[in-house]
Amino acid sequence: PIEACLFDLDGVLVDTAKYHFIAWKRLADELGFVFTEQDNERLKGVSRMASLDILLEIGGLTFDEETKLTLAEKKNTWYVDYISKMDESEILPGVLAFLTDLRKNGIRIALGSASKNAMIILNNTHLVPYFDAIIDGTHTSSAKPDPEVFLLGAKAVQSKPEACVVFEDAEAGIEAATRGGMRSVGVGSPTTLGQATAIVPSLEEMTYERLLQLIS
Ligand code: B16
Ligand code: MG
């Protein structure tokens with residue numbers, strides 16, 4: 001049986017990857033190297049500091065910890081600027097209908113995001129009322145693929161991991177779900193999400209019924 005669904009935010013409910021990309025690219029420009037959209041794929045689902053490490057590796061640069069914190073802070077200021085202008089039109093297709101259908105069927109709903117900016121996004125898109133619990137990067141000490149964020153989510157909605165299904169667009173997130181003893185639905189492409197229990201291209205036309213078929 002399914003008691004709860006745990007949702008990743010960036011890439012599953014909203015497309016904020018484009019804002020992360022513009023902000024990281026701006027930093028790369030300042031530092032004097034090229035950062036492409038393809039490079040940006042490697043940052044999806046990865047924590048802020050781990051993303052910076054990947055970025056700097058691409059640019060062939062090394063800095064001390066203090067400088068790295070300053071750079072991450074700079075990128076985040078730009079990113080927050082972009083997401084502060086978001087509204088509900090940026091919720092991905094099918095999301096509201098699916099969340100409503102889950103609720104109608106008595107399924108508890110939690111957020112499990114690596115982002116420390118999740119509340120800004122949820123507030124601006126008016127998604128807050130859809131959740132029974134919200135766990136984000138401000139509540140965790142270990143990043144995905146560590147299962148912490150989803151285990152905290154399951155606990156917050158009083159469900160055992162076996163009764164939870166995680167929705168994720170990043171490989172590290174699917175691994176986190178599996179390590180936490182949860183089933184998962186990969187949202188995106190089978191090439192990166194092959195380890196998920198089931199894969200869908202997006203949440204468009206997703207329903208509780210369809211979910212039961214997919215993971216049974
Ligand atoms: P922030 P998710 C993740 O969110 C993003 O996919 C990833 O690209 C980002 O680096 C990470 O959040 C941290 O975000 O810098 O806002 O704290 O996919 O787990 O919802
Ligand atoms: Mg994601």
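Worth pointing out:
- Relative contact order (%) - criterion: Cα under 8 Å, at least six apart; region: the chain: 25
- The calculated 222 nm mean residue ellipticity attributable to helices in the chain amounts to -13000 deg cm²/dmol, summing -39500 (n - 2.57) over DSSP H runs of n ≥ 4 and dividing by all residues.
- Euclidean distance of C-alpha centroids, the stretch 142-207 and the stretch 39-92, integer Å: 23
- Length-normalised contact order of the stretch 103-216 in % [C-alpha pairs under 8 Å, at least 6 apart]: 18
- Mean separation of Cα contacts under 8 Å (6+ apart) over length of the stretch 164-207, as relative contact order %: 34
- Largest GNM mean-square fluctuation among Val185, Val157, Val128, using the chain with Cα springs under 10 Å: Val128.
- Net charge of Cβ neighbours under 15 Å - reference Glu41; Lys, Arg +1; Asp, Glu -1: -4
- Between the helical axis of 48-59 and the longest alpha-carbon principal axis of the chain there is an angle of about 50 degrees.
- Using alpha-carbon coordinates, inclination of helix 65-83 to the longest axis of the chain, degrees: 60
- Neighbours of Ala198, meaning other residues whose beta-carbon lies under 13 angstrom from its beta-carbon, give a summed charge of +1 when Lys and Arg score +1 and Asp and Glu score -1.
All of the numbers you see were taken from the coordinates with simple rules; none came from a lab. Values in this document were obtained by computation on a predicted structure and should not be read as measured data. Quick reminder, even Gly has a Cβ in these numbers, built from the backbone with ideal geometry, and neighbours come from all protein chains shown.
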